[in-house]
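First comes the structure, then the notes that go with it.
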């Protein structure tokens with residue numbers, strides 16, 4: 001399984017993805033699920049993937065290399081040359097549908113579901129910063145100021161903290177803390193999600209990645225976050241008033 005979260009905020013974007021793939025207890029591996037396309041001064045795009053690894057890799061080959069694109073005299077559209085972020089999201093959706101046409105029936109015949117979802121964030125020079133979630137049907141939604149975060153994969157464990165705290169005006173530094181707490185909550189509750197995790201920070205209109213980091217078990221800051229959050233939760237529940245009714 002997978003957990004990926006993206007926050008599109010007033011100051012920019014924070015993305016975080018785990019790297020575990022799980023095809024059974026005897027087949028666990030590490031694959032990066034975060035891909036970055038950066039042309040400093042012109043565009044920054046980042047895409048995170050969840051679902052069947054073969055499906056998501058086929059989609060990624062199409063949108064980054066043009067593999068499998070219809071033959072044409074013109075170069076195929078990829079994330080590197082898509083004119084707008086909306087066009088980039090449509091490109092991902094179309095690639096998902098193309099892979100389904102090619103592989104969907106064979107997967108179903110072997111009792112495998114066609115599972116693939118994506119978070120696509122980025123900005124192109126002269127255009128606004130956007131964050132999209134693309135589904136396995138190829139359709140997509142966009143984050144808004146009212147809902148400034150999107151998740152794919154095993155999202156239920158990391159969602160409560162984001163629902164309570166994440167707002168459009170949340171500073172990027174606080175968003176990094178929220179993303180890491182959200183990831184830690186998922187790691188503690190689901191063995192199919194695992195470290196290392198890939199973190200990306202992008203500041204609005206910078207047209208260059210602000211920071212990119214791989215977080216392992218021994219990452220000092222992540223250890224401070226997970227231990228501090230656990231202690232804060234224990235302290236919070238202990239300070240709650242006792243039930244006011246008789247209990248025998």
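The values are calculated or read from the model by the stated rules, or taken from the named source; none is laboratory data. Note that the structure is a prediction, hence the values are computed from the model and not measured. With ideal geometry, Cβ positions are generated from the backbone for all residues, glycine too; neighbour counts draw on all protein chains shown.
Quick notes
- Residues that are assigned to a loop (DSSP other than H, G, I, E, B) and modelled with pLDDT of 95 or more within region 218-242 comprise 218, 219, 240, 241, listed in sequence order.
- Within region 137-156, the set of residues being surrounded by 16 or more Cβ atoms within 10 Å (Cβ to Cβ), free of Cβ contacts under 8 Å to residues at least 60 places away in the same chain and not in a strand (DSSP E or B) comprises 138 only.
- Only listed residue being in contact with a strand residue (DSSP E or B) (Cβ under 9 Å, 6 or more places away or on another chain), surrounded by 13 or more Cβ atoms within 10 Å (Cβ to Cβ) and over 14 Å from residue 122 (Cα atoms), chosen from 201, 215, 181, 225: 215
- Test: residue in region 201-208 that is in contact with a helix residue (DSSP H, G or I) (Cβ under 9 Å, 6 or more places away or on another chain) and without any contact (Cβ under 8 Å) to a residue 60 or more places away in the chain: no
- The criterion of at least 1 residues that are surrounded by fewer than 19 Cβ atoms within 10 Å (Cβ to Cβ), touching a strand residue (DSSP E or B) at 6+ places or on another chain (Cβ under 7 Å) and at pLDDT below 95 is met by the following strands (runs of 3 or more DSSP E) wholly inside region 24-136: 28-30.
- Here residue 169 passes the criteria (1) loosely packed, with under 12 Cβ neighbours inside 10 Å; (2) in contact (Cβ under 8 Å) with a residue 40 or more places away in the chain; (3) not in a loop (DSSP other than H, G, I, E, B) except the one numbered (3).
- Single residue of region 1-17 satisfying the filter (out of contact with any helix residue (DSSP H, G or I) (no Cβ under 7 Å at 6 or more places or on another chain) and crowded, with 20+ Cβ neighbours inside 10 Å) that is modelled with the lowest pLDDT: 2
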